[in-house]
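J.: Have a look at this one before I ask anything.
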Amino acid sequence: MQEQEWEYGQLTAYVRGRFFGLGVKTEINWNGHELSRDVPIYEHLNRYGRDGWELVSSYATAGPGAPEIVIAYVFKRPVIRKSLEEQRQEQQRLKRIEEYQKELHTGSIG
């Protein structure tokens, strides 16, 4: 019997400016790609749960007097082998999403 392969992902939130009376700034990343700051972290967590990701661990770090707190959530999900056609369709879908996000960012959607 073949052992299950897993894909891992990490949702990371960086909270800056907490200790020095500065405006708090939050940055949220999924595997290094920045996500919307307008969406609360729990909604991102719920989204990945709906997409089949299982929360494996979470942790938070902050150095003494550090102006930044890092909160990380580690997920895993079974690797599902896709046909070449399914992979091509997925790449096209991701490209369309990326183009749409760029349009949103630049305000060029009419």
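The numbers here are math on the coordinates, done by the rules we state, and not lab data. All values reported here derive from a predicted model rather than from experimental measurement. Backbone-built Cβ (ideal geometry, glycine too); neighbour counts: all protein chains shown.
J.: Which residues, counting only those in segment 26-65, are more than 21 Å from Gln101 (Cα to Cα) and part of a strand (DSSP E or B)?
T.: Glu54, Leu55, Val56, Ser57, Ser58, Tyr59, Ala60, Thr61
J.: Does at least one position in segment 51-58 carry a residue that is of a type in the set (Gly, Ala, Ser), loosely packed, with under 11 Cβ neighbours inside 10 Å and either under 19 Å from Gly9 (Cα atoms) or touching a residue at least 60 places away in the same chain (Cβ under 8 Å) (or both)?
T.: At the first step, the residues of segment 51-58 found to be of a type in the set (Gly, Ala, Ser) are 52, 57-58.
Now drop any that are not loosely packed, with under 11 Cβ neighbours inside 10 Å, which leaves 57.
Imposing the further condition that a residue be either under 19 Å from Gly9 (Cα atoms) or touching a residue at least 60 places away in the same chain (Cβ under 8 Å) (or both) reduces the set to 57.
The answer is yes; a qualifying residue exists.
J.: In segment 69-106, what count of residues is obtained for those that are under 16 Å from Glu34 (Cβ atoms) and β-branched (Val, Ile, Thr)?
T.: Result for segment 69-106: 4.
J.: A further question on this structure: Name the residues in segment 67-105 that are farther than 19 Å from Trp6 by Cβ and not in a helix (DSSP H, G or I), would you? Steps first, please.
T.: Step one: of segment 67-105, the residues farther than 19 Å from Trp6 by Cβ are 67-71, 83-86, 88-89, 91-105.
The answer is Pro67, Glu68, Ile69, Val70, Ile71, Ser83.
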